Amino acid sequence: MTNTPSLAGAAVLPDDYVYDLLRGIAAYTASPLIADLAETATAHPAAALDNAFNHKQVACKAWLRDALHLTLGPAHPRVWVLGGWYGVMAAMLLDDPRFDLGEIVSVDLDPACAPIARQLNHRAAAAGRFRTRCADMYALDYSGADAPTLVINTSCEHLPDPRAWLARLPRGLPVALQSNDYFTEPGHVSAVPDLDAFIAQAGLGEVLYAGALRLKKYTRFMLIGRR
Ligand SMILES: C[S@@+](CC[C@H](N)C(=O)[O-])C[C@H]1O[C@@H](n2cnc3c(N)ncnc32)[C@H](O)[C@@H]1O
């Protein structure tokens, strides 16, 4: 073993710095998800995985997992994650042994997301439990033969009209939704000032959980219930 000095303080980090660090964390935590993240981040250096997997994003998705388990239980045969981005929500759900999940479909409008989401979730994909779909969530059929049994959308702040999207879902369909009050971020066209505003915006038939998670720059809001 060579005693190569660390370059952590260098202005430009060497190519293998992130990979080596993530592989080390994966080994230390015995986490297949972090090992997959190491491979995915290395294969897709231009993808904003540092944003998608930053500590706030992870905290918000861990919060969703806990509240989902508490309110709607562990068994979900067909989950659609809408605005699924790089598949982090799907990966965190599939990594959680509390859940008994069938298939997760990660839907995103941006075709660039799919290869990254697929690599991050390659083990589940190989087992037929994960796939991506490039589509506009406003144009999907939520009542067809392979209709979801649970819809997750942690990107409500990005939708021009979340209520119009929700109106496309059959009444009674279980949903887990997140939004925020981060108005200054470009693209957050439907951010809401508080939890009550999010409840009013969504207009769910049944709310089983409503909560707010205060983060440094913004507050994230979550609703779990039935459309
Ligand atoms: C920035 S990301 C996710 C932000 C959110 N905080 C999260 O972590 O889930 C928002 C994603 O929603 C996707 N998106 C926006 N409008 C969409 C639509 N109508 N149908 C499907 N995906 C959409 C974008 O392409 C993008 O990948």
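Check off (1) within 16 Å of the ligand (Cβ to nearest atom); (2) touching a helix residue (DSSP H, G or I) at 6+ places or on another chain (Cβ under 8 Å); (3) assigned to a strand (DSSP E or B) for TRP80 and give me the number that stays unchecked.
Failing condition for TRP80: (2).
Taking the condition of being of a type outside the set (A, V, I, L, M), buried (at least 16 other Cβ atoms within 10 Å of the Cβ) and over 30 Å from ASP141 (Cβ atoms), how many residues in region 199-227 meet it?
2
Looking only at region 94-104, count how many residues are of a type in the set (A, V, I, L, M, F, W, C) and over 11 Å from ASN121 (Cα atoms).
Summing the residues that are of a type in the set (A, V, I, L, M, F, W, C) and over 11 Å from ASN121 (Cα atoms) in region 94-104 gives 2.
Give the residues of region 96-112 that are within 16 Å of the ligand (Cβ to nearest atom) and either outside the structural domain of HIS158 (by TED's automatic domain parsing) or in a loop (DSSP other than H, G, I, E, B) (or both), sorted by residue number.
Within region 96-112, LEU109, ASP110, PRO111, ALA112 meet the criteria.
Cβ-Cβ under 7 Å, sequence separation 6+ or interchain: first residue in region 184-209 and assigned by TED's automatic domain parsing to the domain that holds TRP165, partner surrounded by fewer than 17 Cβ atoms within 10 Å (Cβ to Cβ) and assigned to a loop (DSSP other than H, G, I, E, B). Which pairs?
Matching pairs, first to second residue: HIS188/TYR182; VAL189/PRO160; SER190/PRO160; ALA191/TYR182; ALA191/PHE183; GLY205/ARG171; GLY205/GLY172.
Just to be sure I understand, how many residues within region 163-182 are of a type outside the set (A, V, I, L, M), within 14 Å of the ligand (Cβ to nearest atom) and more than 17 Å from the chain's Cα centre (by Cα)?
Qualifying residue count, region 163-182: 5.
Before we move on, is GLY203 over 19 Å from PRO148 (Cα atoms) and more than 20 Å from the chain's Cα centre (by Cα)?
So GLY203 passes the test.
Among ALA67, ALA91, ALA26, ALA38, which is at pLDDT 95 or above, among the small types (Gly, Ala, Ser), within 13 Å of the ligand (Cβ to nearest atom) and within 29 Å of LYS217 (Cβ to Cβ)?
That would be ALA91, the only listed residue that is at pLDDT 95 or above, among the small types (Gly, Ala, Ser), within 13 Å of the ligand (Cβ to nearest atom) and within 29 Å of LYS217 (Cβ to Cβ).
How many residues are assigned to a helix (DSSP H, G or I) and surrounded by fewer than 17 Cβ atoms within 10 Å (Cβ to Cβ) if we restrict to region 167-198?
Residues that pass the stated criteria total 2.
The values are calculated or read from the model by the stated rules, or taken from the named source; none is laboratory data. Just so it is clear, the model here is predicted, and its values are computed rather than measured. For neighbour counting, all protein chains shown are included, and Cβ atoms are generated from backbone atoms with ideal geometry for every residue, glycine included.
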